[in-house]
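The values are calculated or read from the model by the stated rules, or taken from the named source; none is laboratory data. Computed from a predicted structure; not experimentally measured. Here the Cβ positions follow ideal geometry from the backbone for every residue, glycine too, while neighbour counts run over all protein chains shown.
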Amino acid sequence: MRTLTPRFVPHEVEAVVFDIGGVFLYPDYVGVRSLLTELGLSLPRAEHDLMPYRVAHHAGVAALAAATDLDRTEGLAEHTEDFWMVYDHAYATTLGVEESSVDEVRVAIRAEWAWSHTDNIAAFHRLAETGMPVAIVSNNDGSATQQMLDHGVCQVGEGPLPSVQIIVDSGVLGIAKPDPRIMRPALDALGLDAGRVLYVGDTVHADVVGATNAGMQVVQLDPFDHHADYAHPRLRDVSHLLELLDRL
C-alpha cells in the first residue's frame, strides 16, 4: 500500500489547473431550497443565506474522503449512484434533513440538479489577468466548456472571458479523475513539467489523489476546515491562493 505525498511549493508554480465543481460551481442553493420547501421540510436560516448549502457541499466531500480507501483508487466508480449516496446523505443531513427523509430529498435534488457560481470566479479572473497560464480539468458530463461560458468563468481562445489553455472534460476524453491520465492534455497544452503545475480542486479521492499521481502539485479548497486531519495542502479559497502565489 502506497502513501501519497502531495506537495505545494508556491514559488515553484508556473501554471494552475482548476477543477469546476466545488471550486467555481456549487449545487444551486435556490433549487435545493425550493425542493426542501416543496417537500415540507424546515429550511436553514434566512432565504438568501447560501452559506449552509456550501457547508453542506463540503461536508459531503469530506464524507466521500472518509468512505474511500485513498490508497486504492484505481478504477474508482465515481460515476455510480452508490458512490454519490455517501455525499448526498452528508449533504442532506448537514442541512438538517432527518434520516427518514434523506432518500426522498436526495432523489429530488438529483432529478433537478443545477449549478450556481461562487466568489472564486472573480479571484480566478484576477489570477488570469496576471498572465499566469491556466487550464481546466473536470470530471464532467461533456458540458464543461458550456458551463464555463454560462457561468462567466472562462473560454479557450479569444472572447469576453479570461482565456485558458484547454478545458478537459472527462465526459469527452473518456478518462476521469483520479486516473492521472486525465491531466496529460492540460500538461501538454501548458507545455510544462507536471511538477511546476498546481492543481486546485475540492475533493481528496479525485483531485488530491489524481493530481499527485500525475506528478503535479496540488491544493484542496477546504473553506470550512472539514479535512483538518489530512496532511495534504489546503486553502480556504482562490483569493488565498493568489496571496500565496504573490499574484494579488
If Ile109 satisfies every condition in (1) buried (at least 17 other Cβ atoms within 10 Å of the Cβ); (2) modelled with pLDDT of 95 or more; (3) touching an Asp or Glu at 6+ places or on another chain (Cβ under 8 Å) but one, which is the exception? (2)
Which residues, taken from segment 79-106, are at pLDDT below 85 and either in a helix (DSSP H, G or I) or in contact with a strand residue (DSSP E or B) (Cβ under 7 Å, 6 or more places away or on another chain) (or both)? Glu81, Asp82, Phe83, Trp84
Determine whether Ala214 is small (Gly, Ala, Ser), modelled with pLDDT of 95 or more and over 13 Å from Phe18 (Cβ atoms). yes
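Okay, residues lined up against (1) part of a loop (DSSP other than H, G, I, E, B); (2) within 14 Å of the chain's Cα centre (by Cα); (3) farther than 16 Å from Met132 by Cβ; (4) among the aromatic types (Phe, Trp, Tyr):
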{"position": "His205", "(1), (2), (3), (4)": "no, yes, yes, no"}
{"position": "Gly215", "(1), (2), (3), (4)": "yes, no, yes, no"}
{"position": "Val219", "(1), (2), (3), (4)": "no, yes, no, no"}
{"position": "His226", "(1), (2), (3), (4)": "yes, no, yes, no"}
{"position": "Asp229", "(1), (2), (3), (4)": "yes, no, yes, no"}
{"position": "Leu242", "(1), (2), (3), (4)": "no, no, no, no"}
Among the listed residues Ile121, Ile109, which satisfies the condition of being in contact (Cβ under 8 Å) with a residue 60 or more places away in the chain and assigned by TED's automatic domain parsing to the domain that holds Pro52? Ile109
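Residues are listed down the side, and each one gets a yes or a no for (1) at pLDDT below 90; (2) not in a loop (DSSP other than H, G, I, E, B):
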| site | (1), (2) |
| --- | --- |
| Tyr26 | no, yes |
| Arg33 | yes, yes |
| Leu43 | yes, no |
| Ala46 | yes, no |
| Asp49 | yes, no |
| Val55 | no, yes |
| Ala65 | no, yes |
| Leu70 | yes, no |
Picked from segment 118-136 (must be under 14 Å from the mean Cα position of the chain (by Cα) and farther than 16 Å from Ile167 by Cβ), the residue surrounded by the fewest Cβ atoms within 10 Å (Cβ to Cβ) is Asp119
